[in-house]
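Presented below is the structure to which this report refers.
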Amino acid sequence: MRRALTIFAVLALIALSAGAATNDTVRKSFNVGDGGTITLDADIGDIHVTSGGSGSLTIDVVRSARSAEVLKDHELTFDQSGNDVNVRSKFDRDFRGWFEWRSPLEVHYEIRVPAHYNINLKTSGGDIKAGDIGGTAEVRTSGGDIALAHVNGAVRANTSGGDVSIESASGAITARSSGGDVTIHDAASTIDAKTSGGSIEIKRAGGTVMARTSGGGIRIDDASDTIDASTSGGSIHARFSRQPRGDSRLSTSGGGVTVELASSIGAELDAHSSGGGVHSDVPVTVQGSQDDDSLRGRINGGGPRLVLRTSGGGISVRRG
């Protein structure tokens, strides 16, 4: 009986807390011009950005709290300097208790910026999602995914607990994840991608590529320049569609290496596998000694070095 009463009391307390929930929305609007930057520093919440039009920026902060008292501990500050807008969110409460398995406050930021505007966003507890952005994008989260559509500028994306997905960017891309995959569909410039807990997939790279992962494979479907890729937890597959302007290196200790070369590409091939064998469908003018696990020589008369290494699989070079 005593146990039943205890359970009933706990359930009643939970129900009472849920019943006392408080929801509100804080809306702010600013007159701004093209080329400005929205800077948001939030310690909790998801962020969603859309763009369009000109002359105005709007921010909706949608909050759901366990009680009105909780809302009082969530501080929001807004500041405008010229075409730039700065927003700071601070939740000053220690909510870690016996029955509090999640935060007593949930926050969602809906931001609409002009068509030609920059974003600088940071959250310590949520996802970041943005549609088409007509400027640069710098986004950071410690506890969620990052998903960006088309960015007309450089991108810097960093997450400690999720995936990074970028549809396209006209500027350089820097992507970091400590716990997820990195996916880039169309990059007009250079790519610097690193993750320690997932795979890296790049559909098209218009500039040089540096890719590092210790927890998955690397795939590059269309590279227009050099590649520096390494992984200790998977295979590497890369296709060179144009002549690279410098040396490339692809190495793995956890899988095979497959390289596809357009018919016009010339290279100095240096391939070595520790037990998996090296095979080439592309004619190679052999230099020095050759065995099943090593192949060195010129492709189409030579060119920049193409270094391929694996200690966990085979190496395949073919036309593509």
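The values are calculated or read from the model by the stated rules, or taken from the named source; none is laboratory data. As the structure is a computational prediction, the values presented were derived from the model and not from experiment. Please note: Cβ atoms are built from the backbone with ideal geometry, for glycine as well, and neighbour counts cover all protein chains shown.
Tabulated data for the structure shown
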{"read-out": "Residue 159, sole failed condition from (1) over 10 Å from the mean Cα position of the chain (by Cα); (2) crowded, with 20+ Cβ neighbours inside 10 Å", "value": "(1)"}
{"read-out": "Top-ranked residue in the stretch 8-51 [being of a type in the set (D, E, K, R) and part of a loop (DSSP other than H, G, I, E, B); ranked as modelled with the highest pLDDT]", "value": "34"}
{"read-out": "Where residue 189 falls short, out of the listed (1) closer than 20 Å to residue 242 by Cα; (2) among the polar types (S, T, N, Q); (3) in a strand (DSSP E or B)", "value": "(3)"}
{"read-out": "Where a residue in the stretch 28-41 is free of Cβ contacts under 8 Å to residues at least 60 places away in the same chain and more than 15 Å from residue 53 (Cβ to Cβ) and its partner, wherever it lies, is assigned to a strand (DSSP E or B) and among the aromatic types (Phe, Trp, Tyr), with Cβ under 8 Å and at least six apart", "value": "28/78"}
{"read-out": "Residue in the stretch 253-271 that is of a type outside the set (Lys, Arg), on the phi > 0 side of the Ramachandran plot and out of contact with any Gly (no Cβ under 8 Å at 6 or more places or on another chain) present", "value": "no"}
{"read-out": "Subset of the stretch 162-200 [crowded, with 23+ Cβ neighbours inside 10 Å and not aliphatic (A, V, I, L, M)]", "value": "162, 177, 180, 195, 198"}
{"read-out": "Filtered residues of the stretch 61-83 (kept if closer than 19 Å to residue 47 by Cα, surrounded by fewer than 18 Cβ atoms within 10 Å (Cβ to Cβ) and among the charged types (D, E, K, R))", "value": "75, 79"}
{"read-out": "Residue ID - farthest from residue 213 (Cα to Cα), chosen from residues in the stretch 245-259 that are surrounded by fewer than 21 Cβ atoms within 10 Å (Cβ to Cβ), at pLDDT 95 or above and not hydroxyl-bearing (Ser, Thr, Tyr)", "value": "245"}
